[in-house]
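Down below is the structure, laid out as structure tokens.
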Amino acid sequence: MNYIIKTSRIKVRQVEIEDAIYFTNWWNDGKLMESVGFKNGLNISLDKVKERLLKSIESNNTKIFIVIDSINNKPIGELSYGQLDNEDKSCRIGMKICDLSYQGKHYGLESLCEFNKYLFDTFSLDKIFIDTLLANTKAINLYKKIGSKTIEIVESFWTNPEGISCDAIFFQLDKNDFYDFLGIFSNYQNIYPQ
């Protein structure tokens, strides 16, 4: 396997078509997807997920990755980037720890930080954009924790499948702010508490 990230707790690689079953289960799980506005899940077929993953595999600008527990090789989440702009030195990312039993255990923090390091270093980026629904306080707190700054809040940004209008919040993470965050932990044994 060709992993872009390997730590003692996680490893990350680009998706393969065979991963579609995990993504289908995750994306159709209403409890998991509620925080991004889909309380009944996406109701997406395995074939549609395979199509989406294949587009990611073939694209140079948009990629989906799978996060795997390093200890037991269990898929636990997803990371993605898109809108890669070499001129602006920026991209937009997405992330989710999809196995609910792994949430609240710093796997999100570790995945996000390691992914940001990978993107900043691999593509010589200066900034990374990320957004979420304003009601998703867990994600907002995580993004702010690593140094992301709010650039915009848009009311009634999107209407979910139940017809409820949702507000969105948009962040920018500058490379220097992110590495300042990481530098705070240089005197500590581990940035990611167990």
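The values are calculated or read from the model by the stated rules, or taken from the named source; none is laboratory data. The model shown is predicted, which means the values in this text are computed figures rather than measured ones. Cβ atoms come from the backbone with ideal geometry, glycine included; neighbour counts cover every protein chain shown. Areas reflect the complete protein model, heavy atoms only, side chains present, ligands, DNA and RNA absent. Shrake-Rupley method; radii C 1.70, N 1.55, O 1.52, S 1.80 Å.
General observations
- Computed over neighbours whose Cβ is under 14 Å from that of Gln172, the net charge equals -1, Lys and Arg +1, Asp and Glu -1.
- Ser101 accessible area, 1.4 Å probe, all protein chains in place, Å² to nearest 10: 70
- Under 26 Å from Lys50, Cα to Cα: lysines that are on another chain or at least 8 residues apart: Lys6, Lys11, Lys31, Lys39, Lys63, Lys74, Lys96
- Exposed-loop-free span, longest in the chain, where GluC sites (Glu not before Pro) count as exposed if DSSP calls them loop and at most 15 other C-beta atoms lie within 10 Å: 88-161
- In this label model, Thr150 and Glu16 are separated by 4.3 nm, measuring between points 7 Å along each Cα→Cβ vector.
- Each Cα pair under 8 Å and six or more residues apart adds its sequence gap; the mean of these over the residue count of the range 36-191 is a relative contact order of 17 percent.
- Residues in the range 112-153 reached by a label modelled at Asn160 [backbone nitrogen below 12 Å; 7 Å Cα→Cβ]: 133-137
- Prolate/oblate/rounded call for the range 1-111, Cα gyration tensor, a/c under 1.5 rounded: rounded
- Protein accessible area in the chain, 1.4 Å probe - carbon and sulfur %: 47
- In terms of its C-alpha gyration tensor, the chain comes out rounded, because the ratio a/c of the largest to the smallest axis stays below 1.5.
- 3J(HN,Hα) couplings calculated from phi for the range 61-77 with the Karplus curve 6.51 cos²θ - 1.76 cosθ + 1.60 (θ = phi - 60°) are, in sequence order, 10, 9, 9, 10, 10, 10, 9, 10, 5, 5, 6, 10, 6, 8, x, 10, x Hz; Gly and Pro show x.
- The chain - accessible surface per residue (Å², probe 1.4 Å): 53
- Reachable lysines from Lys149, criterion Cα separation under 18 angstrom, eight or more residues apart if same chain: Lys89, Lys117, Lys127, Lys138, Lys175
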